[in-house]
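Colleague: Okay, here's the structure, questions in a sec.
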Amino acid sequence: PVILDALAEDRITTEHCQALALENDTARQVQVFEAACQSGWGGKPEVQTIRRLVTESEVAVAGNTKFRFVGADAFSPDELRTDLFSDDEGGYVDCVALDAALLEKLQAVAEYLREAEGWGWCAGRMEAVGECREDARAYRNLPQPEAVLTEAEEERLNELMARYDALENQCEESDLLEAEMKLMRCMAKVRAWTPEMRAGSGVVVSWRYGNVCVQRGVQLRSEDDVADDADRTEQMQEKASVEEISLPLLTKMSSERTLAVQAALMQQPDKSLALLAWTLCLNVFGSGAYSKPAQISLECKHYSLTSDAPSGKEGAAFMALMAEKARLAALLPEGWTRDMTTFLSLSQEVLLSLLSFCTACSLNGVQTRECGHTSRSPLDSLETAIGFHMRDWWQPTKANFFGHLKKPQIIAALNEAGLSGAARDAEKMKKGDAAEHAEHHMKDNRWVPGWMCAPHPQTDTTERTDNLADAA
């Protein structure tokens with residue numbers, strides 16, 4: 001019923017159901033579905049995650065940080081599988097059961113902190129609260145108040161630092177001194193939150209890169225906050241940030257984005273055909289003055305797009321486009337370039353595929369900058385219409401993205417993704433190391449720069465009409 005309800009509410013598609021069908025046990029199907037929802041961006045399960053959870057059902061417990069944190073006592077003997085060659089710390093556990101036990105313990109830690117520190121609410125979840133997209137709509141992270149040490153604590157901290165600096169090498173004593181200093185600073189940070197702050201906000205406990213992540217001062221947004229604050233503030237920040245991006249990088253990334261949207265649109269023939277009809281009608285029935293992503297003349301700019309896009313001809317989007325091109329080329333009738341009547345023999349299915357592919361290839365979303373003003377991407381409304389997400393086609397790395405940013409922009413990107421700890425670490429690094437650091441920490445999330453995303457839909461009728469016109 002849980003899965004059927006999600007399907008009826010359009011929270012999942014038949015593709016999700018097909019992936020779940022790989023598991024015969026209905027109870028485990030629900031476990032997999034709930035685990036995928038927990039790990040998905042904004043609670044939305046990914047098909048790849050479901051398939052991985054079903055097919056890669058067990059993980060080794062040796063060296064597994066999740067298992068070490070949860071503990072063997074969280075599982076029944078039936079849930080832990082060992083063989084003759086397993087030592088005392090060896091064996092395997094079902095990954096869905098492990099994630100469920102981890103989530104339960106994170107919730108328990110959150111409940112403990114709520115009671116001990118006096119927070120208004122708490123939550124245990126697999127991912128930390130981020131600062132963009134769904135999390136930005138639901139939560140607001142209050143700024144950490146300045147921690148103030150007491151006189152006694154300052155004296156003790158100075159004493160510990162003097163002893164620490166006197167040690168020439170790292171040893172057991174230095175580790176103990178470091179741990180005590182870290183504990184003192186942590187307690188001061190917690191104490192900085194006033195009772196009023198704690199009563200009006202919550203604490204979120206999550207799992208990040210093998211460690212427990214605690215976020216204090218998380219507020220729940222109201223619907224009014226979302227309408228009056230989130231969209232306006234976030235879009236103003238995105239607008240400001242895009243002007244700070246160099247023109248060469250803007251060209252590279254808008255080319256990368258164009259190829260990705262082409263590949264995504266190619267997979268949705270109904271949306272592609274609607275775009276084609278709309279664009280033609282604007283020229284026949286209307287003024288044709290709107291900014292259009294599809295250039296039906298038709299111009300296919302794959303040469304310049306692959307030259308500018310960092311992934312070039314090796315990117316997932318371009319390779320998907322070329323695979324479809326090869327498939328369709330094999331279906332074209334002999335002599336078709338000299339005689340249009342040969343197309344009369346093609347089936348409606350093939351004709352639709354050809355129209356969809358050619359329309360997708362006509363997209364051009366490369367942005368420009370004139371007089372210090374960056375042009376709006378004509379792909380914005382189209383992306384919303386087809387449910388596009390850039391990370392389905394692109395993975396940010398040092399080579400293709402972070403290496404082209406300034407160090408403060410790398411730090412800002414980590415903060416935008418909710419990785420404030422990683423951002424603080426990057427502040428101490430050289431730019432090249434910070435770029436590698438960002439690549440590592442961003443590899444498992446769904447972050448995309450705000451200036452490479454379509455803005456959040458507006459509720460105002462006039463603005464919605466303008467957005468629809470831009471999609472034509």
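Colleague: Name the residue farthest towards the positive end of the dipole of the stretch 146-192 from the options Ser174, Leu149, Tyr164, assuming +1 on Cβ of Lys and Arg, -1 on Cβ of Asp and Glu, about the Cα centre.
Modeller: Of the candidates, Leu149 comes out farthest on the positive side.
Colleague: How large is the Rg to Rh ratio of the stretch 146-192 when both quantities use alpha carbon positions and Rh follows Kirkwood?
Modeller: 1.02
Colleague: Another question, then. Over the stretch 2-102, calculate the relative contact order: mean separation of alpha carbon pairs under 8 Å at least 6 apart, over the residue count, as a percent.
Modeller: 25 percent
Colleague: Ok, one more. Let's see if you can work this out: charge +1 on each Lys and Arg Cβ, -1 on each Asp and Glu Cβ, no other charges. What is the dipole magnitude of the stretch 2-102 about its Cα centre, in debye to the nearest 20?
Modeller: 320 debye
Colleague: Report, in listed order, any pair from Lys252/Lys443; Lys271/Lys398; Lys189/Lys443 with a Cα-Cα distance greater than 27 Å.
Modeller: Lys271/Lys398; Lys189/Lys443
Colleague: So, one more: Averaged across orientations, what area in nm² does the convex hull of the alpha carbons in the stretch 2-102 project?
Modeller: 6.9 nm²
Colleague: What length, rounded to one decimal in nm, is gained on full extension from Asn169 through to Asp5, with 0.36 nm per residue of separation minus their alpha-carbon distance?
Modeller: Contour length minus the Cα-Cα distance gives 53.0 nm.
Colleague: Based on a Kirkwood Rh over C-alpha pairs, give the Stokes-Einstein translational diffusion coefficient of the stretch 384-459 at 37 °C and viscosity 0.692 mPa s in µm²/s.
Modeller: Calculated translational D: 253 µm²/s.
Every number here is computed from the coordinates shown, using simple stated rules; none is lab data. All of these numbers come straight from a predicted model, not from anything done at the bench. Virtual Cβ from ideal backbone geometry, glycine too; neighbours counted across all protein chains shown.
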